[in-house]
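Participant: This is the structure, below, for whatever I ask next.
The values are calculated or read from the model by the stated rules, or taken from the named source; none is laboratory data. Small disclaimer: the values here were computed from a predicted structure and weren't measured. Every residue, glycine among them, receives a Cβ derived from its backbone with ideal geometry; neighbour counts consider all protein chains shown. Ligands, DNA and RNA are excluded from the accessible area calculation, which covers all protein heavy atoms including side chains. Shrake-Rupley method; radii C 1.70, N 1.55, O 1.52, S 1.80 Å.
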Amino acid sequence: MQKLALQQAWQAKQRDPQRTVLADSTSSEGWIAAPVPGTIYEALIAAERIPDPFDGLNELAVQWVAEVDWLYRCDFELTAEQANQPAALHFAGLDTIATVWINGQEILNSDNMFVPQRVVVSNQIHVGANQLLIEFRSALKHGHALQAEMGQLGVWNGDPSRLYLRKAQYHYGWDWGPALLTAGPWLPVTLELGATRLSDLACPISVADDCSTAIFAVTATVADVQADTAVLIQLWNPAGELIAEHQQLVVAGNIQHSITVDQPSLWWPHGYGQQHRYRLAVKVFANQTVLDQQELQLGVRRVRLVQEPLLDEAGETFLFEINNVPMFSGGANWIPADLLTNRVSNEHYRRLLQAAVDSHMLMIRIWGGGIYEVDHFYDLCDQLGLLVWQDFMFACGMYPAHPAFLASVEAEAIAQVQRLRHHPSIVLWCGNNEDYQIAQTFNAYDHSFQGDFTKTSFPAREIYERLLPKVCASYDPTTIYWPGSPYGGADVYDKTRGDRHTWDVWHSAMAPYQDYPKYEGRFVSEFGMESCAALPTLLSVIPEHERYPQSRTVEHHNKSEGGARRLAVYLNDTLRFENTLESYVYATQLMQAEALAAAYRGWRRRWGGAGRYAVAGALVWQLNDCWPVISWAIIDSALRKKPAIYSIGRELAPISAGLQRNGATIEAWVVNGTIESKSATIQLTGYDLHGRLLFEQNIEYELAANQANPIPSPNLNLPEQSVVGMQVLVDGVVVARASAWPEPFKYLPAYDPQISVTRMADDWLEISSQHPAKGVWLQTEAEINWSDNLLDLLPNQPQRIQACGLGQQPIDIKWLHWDQART
Ligand code: BMA
């Protein structure tokens, strides 16, 4: 099979409603070059027909793009040899309400951007010039028409008509993103020449309970089989040795062949072992000629979602066990990295996912309001050893479930599960984001009802509890399916079973972040605190006269409902800052870092060992951003890391330390997340704010493996204005630190803690201070990679960090109340 990528010579224009499509396509007016794959926004920006939608308030000025229809045209030449072959057009993704013509003949109507389409066009193509034409009608108008016909449905975020359309839901605007209703061939368009092809390749792997054997069950499906068509199946082990080969003639449509591998090399999440992958290659051939072929990189791992009663608490666990090792799944939620996803480079993906790994995250959840990510995303997760929780694309809404919608969803689910199922990183398919939550809020959810869901006020249960699990069971039987995030059975806010979204902090109750531990779940799949993007990122989109915290443009770049107000409350509770953008950025970021660390620290403390894994995971909302914005992200859209990613990294490190201050006493604990027990020395010290040592104590302790260890607390009588520090040493090396400060921080005096930085070889730095220093943030003009940052320093306890790429660049240093100490 020959595949011709149709990615050159595309043009686009606004539809002229006065003309028929075909007449419009032949008129010479209004065409601009259009990148394909891509959407109309990229074309309009490149042609300078619209300003950059992310800049200033421009989002408001480009909304008209969504209200009109667009025409795409591609002219391509075929030789006689090409034109005489069986041919099909393959559209990997059309966004969204599209009709396609080839050489004047209509060949396709499509209304789901997540369903790839293949249309046989052997009779429509010809030698010489051919023309492909696609009309994209306004998704907004189409959705409004469906809504007028079938009724308005409940939503959180975006225009409610989005629920009727199978289009990325965040395009309609979200509480961290602008509304940009894209239209266009957003994924590649290909002309396939030749009939016989490998139309599907599946290879579920069954792993023995003790991981001693793995059975690779290959099914290769061949379409349009000709005489003498055969299939060759080959499997290589991670060392690159061919370990199995099988050849067979294809009679009917598919070939099934199982390969048993003894003592397989396992795929592990990072930190637990290597990310071994097997390579499966399948070739379809006839008379020595290869007609089609495909390769898959596969991983052998045993995944269990353990839901078992706890020893001395209500409910049951929700924990991931990989290769029989229970793992605390610290991690983050992922949103699409842009509105115009074709701008996201492979390097951009790599840097975001590598940052997650560097902060010891184990799991990434692909949230249901975005897109099923590109193949490269999952390849990276496979390589890096990140686990993926994959939502189906439904978010925050009371979705319909009429027959046409169900049919479209089924086609979408089958296509996406088929595309992604071989990735070892994907451990769970999840029905939706927060659709049980909104249904419960609307009193539409009765867990005990099991009849015809489509007749109820929560019809989409048909999708989450019947359609999707059925698709997963048939197409990806070895991966777990979970109905929703969150889902807890009868009550979606249940703290004792299933997963939970903890928005008691920030949204609903606006509870103090120090209370995060109270709002636990057996697995907290969302929680978050906002902060500003890095100052240079904000400056890139905020005009000079608007560069202050409460300006219209700054608030436009915070999409959370009441976002600026909520942020002001949390800041007011926590610390003091000057009314400049620079101070606002530092203050919000420090507050976010403290809040998120408090959550992870409190919940990981509940990783109590066998029978006591009371909290088994926490995924922060959200890892990344899709434009320059004040949001819950911990890495901004320009890939500048916010301080929180470092405070989180310390809480999720293989060994982490925790201190909880209760007036004049403290509680201490150490999480040993490794699978070996460790002999540790725990050093506790106390200092006053002048840097005077108040006490010092060493405790020898054997840290049990893979659990939190409470450390017997010394009897202290701490003065109010003092800081307690803890260092955990294993083999004489500090492996974890914690410090407990008097709170709220806003009552602390502003002073200069006398920080000094000594530069050493290989961009290593030693940082120390004379007085206790909180939130020490090191920054350079060019973004560099810090091994750690946002440090809490105590006298006589210098910290070493590596700043790759630092060289001789000057370092700007901020700390808690730096702005007031200087004035
Ligand atoms: C969640 C998500 C998103 C939202 C976020 C912040 O629960 O599922 O819908 O962006 O909260 O409000």
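Participant: Roughly how many Å is it from the Cα centre of segment 8-65 to that of segment 595-666, as a whole number?
Facilitator: 43
Participant: By what distance, in whole Å, do the Cα atoms of segment 422-488 stretch along each of the three principal axes, largest value first?
Facilitator: On the principal axes, segment 422-488 reaches 38, 21, 15 Å in Cα extent.
Participant: Suppose the chain between E700 and R49 were pulled fully straight at 0.36 nm per residue; how much longer would it get relative to their current alpha carbon spacing?
Facilitator: In short, 227.5 nm is gained.
Participant: How much accessible surface does S756 have with a 1.4 Å probe, in Å² rounded to 10?
Facilitator: Its heavy atoms expose roughly 60 Å² to the probe.
Participant: Enter the accessible area per residue of segment 2-193 (Å², integer; probe 1.4 Å; all protein chains in place).
Facilitator: For segment 2-193, the solvent-accessible area averages 39 Å² per residue.
Participant: Additional query: Which residues' amide hydrogens lie under 5 Å from the amide hydrogen of R365, considering only partners 5 or more residues apart or on another chain, with H built in the peptide plane?
Facilitator: For R365, whose amide H was placed from the backbone, the distant partners under 5 Å are A332, N333, W334, W389.
Participant: Working out 0.36 nm times the residue gap between R343 and A217, then minus their Cα-Cα distance, what length gain in nm do you get to one decimal?
Facilitator: Gain on extension, R343 to A217, equals 41.6 nm.
Participant: Sticking with this one: Show the residues, 5+ positions off or on another chain, whose built amide H is closer than 5 Å to the amide H of N433.
Facilitator: Here the answer is G368, F394, A395, C396, S485, since their amide H atoms fall under 5 Å of that of N433.
Participant: Okay, next question. Using just the helices of the chain, give the 222 nm mean residue ellipticity in deg cm²/dmol: DSSP H runs with n ≥ 4 each add -39,500 (n - 2.57), and the total is spread over all residues, rounded to 500.
Facilitator: Value at 222 nm, helices only, nearest 500: -5000 deg cm²/dmol.
Participant: I'd like the Karplus ³J(HN,Hα) series for segment 360-368: coefficients 6.51, -1.76, 1.60, θ = phi - 60°, whole numbers in Hz, and an x wherever there's a Gly or Pro.
Facilitator: Each residue of segment 360-368 in turn: 6, 7, 10, 9, 10, 9, 7, 6, x Hz.
Participant: What list of whole percents do you get for P(r) of segment 747-823, with Cα-Cα distances grouped in 10 Å bins up to the one holding the largest distance?
Facilitator: Computed distribution, short to long bins: 19, 53, 25, 3.
Participant: Also: Between S679 and R19, what is the spin-label point distance in nm, taking each point 7 Å from the Cα along the Cα→C-beta axis?
Facilitator: For the pair S679/R19, the computed spacing is 8.5 nm.
Participant: Rounded to the nearest percent, how much of the accessible area of the chain (1.4 Å probe, protein heavy atoms only) is carbon and sulfur?
Facilitator: 47
Participant: Can you give me the span-like helices of the chain, meaning DSSP H runs with 20 Å or more of Cα extent along the axis and Kyte-Doolittle mean at or above -1.0?
Facilitator: Helices meeting the span and hydropathy rule in the chain are 403-420, 581-604.
Participant: On to the next question. Would you calculate the volume per residue, in Å³, of the smallest convex hull containing every Cα atom of the chain?
Facilitator: 177
Participant: How much length would be gained if the chain were fully extended between N572 and D200, taking 0.36 nm per residue of separation minus their Cα-Cα distance, in nm to one decimal?
Facilitator: 128.2 nm
Participant: What accessible area per residue comes out for segment 644-687, rounded to a whole number of Å², with a 1.4 Å probe?
Facilitator: Accessible area per residue, segment 644-687: 29 Å².
Participant: At 7 Å along the Cα-to-beta-carbon direction for both E106 and S540, put a label point, then send me their distance in nm to one decimal.
Facilitator: Using points 7 Å along Cα→Cβ, the separation is 4.4 nm.
Participant: Show log10 I(q)/I(0) for segment 543-586 at q = 0.18, 0.29 Å⁻¹, two decimals, from a solvent-free Debye sum over equal Cα scatterers.
Facilitator: Result of the Debye calculation: -0.53, -1.17.
Participant: What list of ³J(HN,Hα) couplings, whole Hz, do you get for segment 68-83 from phi and the Karplus terms 6.51, -1.76, 1.60, once you set θ to phi - 60° and write x for glycine and proline?
Facilitator: 10, 9, 10, 10, 10, 9, 9, 9, 9, 9, 10, 7, 4, 4, 5, 5
Participant: Once you put a point 7 Å from the Cα of E149 and another 7 Å from the Cα of W764, both along the Cβ direction, what distance in nm separates them?
Facilitator: With each label point 7 Å from Cα toward Cβ, the separation is 6.9 nm.
Participant: Quick check: with the 1.4 Å probe, what order do Y272, Y646 take by accessible area, largest first?
Facilitator: Largest accessible area first, the list is Y272, Y646.
Participant: Could you tell me the calculated FRET efficiency between N796 and T665, based on Cβ-Cβ distance and R0 = 30 angstrom, to the nearest 0.05?
Facilitator: Efficiency, from the Cβ-Cβ distance: 0.80.
Participant: Amide H to amide H under 5 Å from I426: which residues, 5+ apart in sequence or cross-chain, H placed 1.01 Å off N in plane?
Facilitator: Distant-sequence amide H within range of I426: V388.
Participant: Also, I was wondering about something else. Taking θ as phi - 60°, what are the ³J(HN,Hα) couplings along segment 308-322 by the Karplus curve (6.51, -1.76, 1.60), each to the nearest whole Hz, with x for Gly and Pro?
Facilitator: Calculated HN-Hα couplings, in order: 10, x, 8, 5, 10, 9, 6, x, 8, 5, 9, 10, 8, 10, 10 Hz.
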